[in-house]
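S.K.: Supplied in structure tokens, the structure appears directly below.
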Amino acid sequence: MDIDPATSIARFENVGLRYGLGPEVLQDVTFELKPGSYHFLVGPSGAGKSSLLKLTYLAHRPSRGLMHLFGRDIATTPRENLPALRRSIGVVFQEYRLLQHLSTFDNVALPLRVAGMREPDIKHHVEELLVWVGLQDHMNARPPTLSGGQKQRASIARAVIARPSLLMADEPTGNVDERMGYRLMHLFEELNKLGTTVVVATHNEAMVRELGHPVMRIENGTLNVTPGTKAQNGRAL
Amino acid sequence: MMFSRRTDLPLDKDPLSHFLPWLIAFMVYLAALAQAGLISLDVLAQRWDTGMAAQLTVQIPSDPDASEAANVRRLQKALNMISNTPGVVHTAVVSEAKVLQLLSPWLGVVQAADVPLPRLIDVETDPDMQLDVRILQQKLSSTIPGTQVDDHGVWLARLIEMVRTLEVLAAGVLALILSAAMGTVVFTTRTGLTVHHEAIEVLHLTGAQDSYIAKQFAGRAWAMGFKGGIIGLSLALPTLLVLSYVADGLQAGMLPDMSLPLAGWLSLAVLPLAAGLAAGFTARFTVMRNLRRMI
């Protein structure tokens, strides 16, 4: 999806989310993601980080408020138009969510296959990316035989294979050692330099301070955004 | 393409999907028998309708006070009158021995001299010419009092009515089998949707349309339906051949030929294809309908 630089990748205004008839887990969330920006999403466990990510990668619709993705009002976007929006979003799930019966190659190829790309093109793109993330020797391996770091890299490869405009990662360093955590963060920075808007949810405050990107801090379902110390391609409200 | 051969979901690992071909095989077996019965009955009704409708039986009462020579003259007179009637193509006098044989279930073993036997004449008419039975009856009665012309209309109508009722029943059985097969596919597909909920959500979040997921379920159901259809038909054919052999032995000249026409065998041959298509479309419809509830 081509993004107009003047258009926000995501714009939330007073967004609230509740599951069923339960209490609101997100209240009056307001922020904007500019194209090419890089944000950390931090907060204690259960504060609503994952819920905010789920809203943004269209696993849920908001209970109230205004939510725009790529300039589209999500409340009025018909359900059949959501897949096209989702193809512009790459997601690195907290527990990887790789399909256990598929090989690394097929897991990474998934976004291209659902987009209807031809198999020879898929083979070319996937093999190239698996070399980039260092999984060229594990193309035919199934997730249960991969280490935590390898699964994480496969998950990242799946998230970026279709060159999404927005990349969201939920605790990507949670299951890997510190060295691998830094490697992953630098991988996201490289993608960000290529123009991808990045949001990374993490508990690692030291890494957040060190990398200096703007921080979206969520507590008790309420969001506050603080600017970063590093120059940004975009900026947060 | 409505069905997809490749699948991102491990549908072939579902425990229920192993049973589906056998359930469909059983239903196709029953469907083949019901369909063969339906076609045979239809053929039977048509043959009775066209074949037996061109047959008449004329009954000439015997006069116990007249001499045998006089009775023979009456018979000959009737034969001449019938043969000269436009539309009559053939006449045959039923022998006394045959009449006694036909009456033996009611009278037991009797001799022709013991009872005043009527004489019967089988008349074959041209189906393309409308022979007026009432005029023939009047003509014969005025010359030979007591003569009766029977066009089998009453009992033929009842027989055909009974056959048509059996046909409706066979069609009903077919419809029930189809409903049960579709219900089984719906149940298996819904179970598959529940079992693979996680993977389906991942597919959705990577941008898959509902139709992309539905194609995979439909492709799997089509393959299982077709496989079940082949098994069911393979089991039904020997059964039908045995039934056909037994029916041939039972016909005893009274019933018309009830064997399946070529079109009937062809309609049975497409059953596996029909089973596969019905399973595929049912699975696709079920998936599309259920996924609509997800975001």
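Each reported figure results from applying straightforward, stated rules to the coordinates on display, with no laboratory input. Here the structure is a predicted model, which means the values were calculated and not measured. Positions of Cβ are backbone-derived with ideal geometry, glycine not excepted, and every protein chain shown enters the neighbour counts.
S.K.: Quick check: from the Cα gyration tensor, does chain A come out rounded (a/c under 1.5), prolate or oblate?
M.R.: It is prolate, given that a/c is not under 1.5 and a/b is the larger ratio.
S.K.: Related question: Scale the Cα Rg of region A:99-163 by the rule-of-thumb value 2.2 N^0.38 Å and send over the ratio, two decimals.
M.R.: Scaled against compact globular proteins, the figure is 0.98.
S.K.: Pull up all non-local amide H partners of A:V25: gap of 5 or more, or a different chain, and H-to-H distance under 5 Å with H placed in the peptide plane.
M.R.: Placed amide hydrogens put A:L17, A:R18, A:Y19 under 5 Å from A:V25.
S.K.: Out of all Cα-Cα pairs in chain B, roughly what percent, to the nearest whole number, are more than 32 Å apart?
M.R.: 52 percent
S.K.: Given the protein assembly as shown, what whole percent of its Cα pairs are spread farther than 39 Å?
M.R.: In whole percent, the share of Cα-Cα pairs in the protein assembly as shown beyond 39 Å is 53.
S.K.: Once each part is reduced to its C-alpha centroid, what is the distance from region B:52-89 to region B:190-242 in angstrom?
M.R.: 69 Å
S.K.: To continue, here is another question. If you average 1/r over every pair of different alpha-carbon atoms in region B:62-146 and take one over that average, what Kirkwood value in Å do you get?
M.R.: One over the average 1/r among Cα pairs gives 14.4 Å for region B:62-146.
S.K.: Now a separate question. Which whole-number percent is the relative contact order of chain A (Cα, under 8 Å, 6+ apart)?
M.R.: 30 percent
S.K.: Can you list residues from other chains, or at least 5 along the same chain, whose modelled amide H is less than 5 Å from the amide H of A:G228?
M.R.: Here the answer is A:V215, since their amide H atoms fall under 5 Å of that of A:G228.
S.K.: Moving on to the next point. 222 nm [θ] for chain B, helices only, -39500 (n - 2.57) per DSSP H run of 4+, per residue, to 500?
M.R.: My calculation for chain B gives -23500 deg cm²/dmol from helical runs alone.
S.K.: What FRET efficiency comes out for the pair B:L273/B:Y245, r = Cβ-Cβ distance, R0 = 35 Å, nearest 0.05?
M.R.: 0.80
S.K.: Using the Cα gyration tensor of region A:5-75, with a ≥ b ≥ c the square roots of its eigenvalues, what is the shape: rounded (a/c below 1.5), prolate (a/b larger than b/c) or oblate (neither)?
M.R.: oblate
S.K.: Given contacts defined as C-alpha pairs under 8 Å and at least six residues apart, what's the relative contact order of chain B, whole-number percent?
M.R.: Averaging sequence separation for qualifying contacts and normalising by length gives 35 percent for chain B.
S.K.: With N residues in region B:92-234, what two-decimal value do you get for its Cα radius of gyration over 2.2 N^0.38 Å?
M.R.: 2.25
S.K.: Please state the relative contact order of region A:99-163 as a whole percent: Cα pairs under 8 Å, 6+ residues apart?
M.R.: It rounds to 51 percent for region A:99-163.
S.K.: Which percent, nearest 5, of DSSP beta bridges in the protein assembly as shown are antiparallel?
M.R.: 65 percent
S.K.: What list of whole percents do you get for P(r) of region B:74-120, with Cα-Cα distances grouped in 5 Å bins up to the one holding the largest distance?
M.R.: Each 5 Å bin holds this share of Cα pairs: 5, 18, 26, 16, 13, 13, 7, 2.
S.K.: Which pairs break 30 Å Cα to Cα here: A:K34/A:K123; A:K54/B:K215; A:K123/B:K227; A:K34/B:K215; A:K49/A:K230?
M.R.: A:K34/A:K123; A:K123/B:K227; A:K34/B:K215
S.K.: Would you pull out the residues with amide H under 5 Å of A:A10's amide H, same chain only if 5 or more places away, H placed 1.01 Å from N?
M.R.: Amide H to amide H, under 5 Å and 5 or more residues apart or across chains, A:A10 pairs with A:L33, A:F70.
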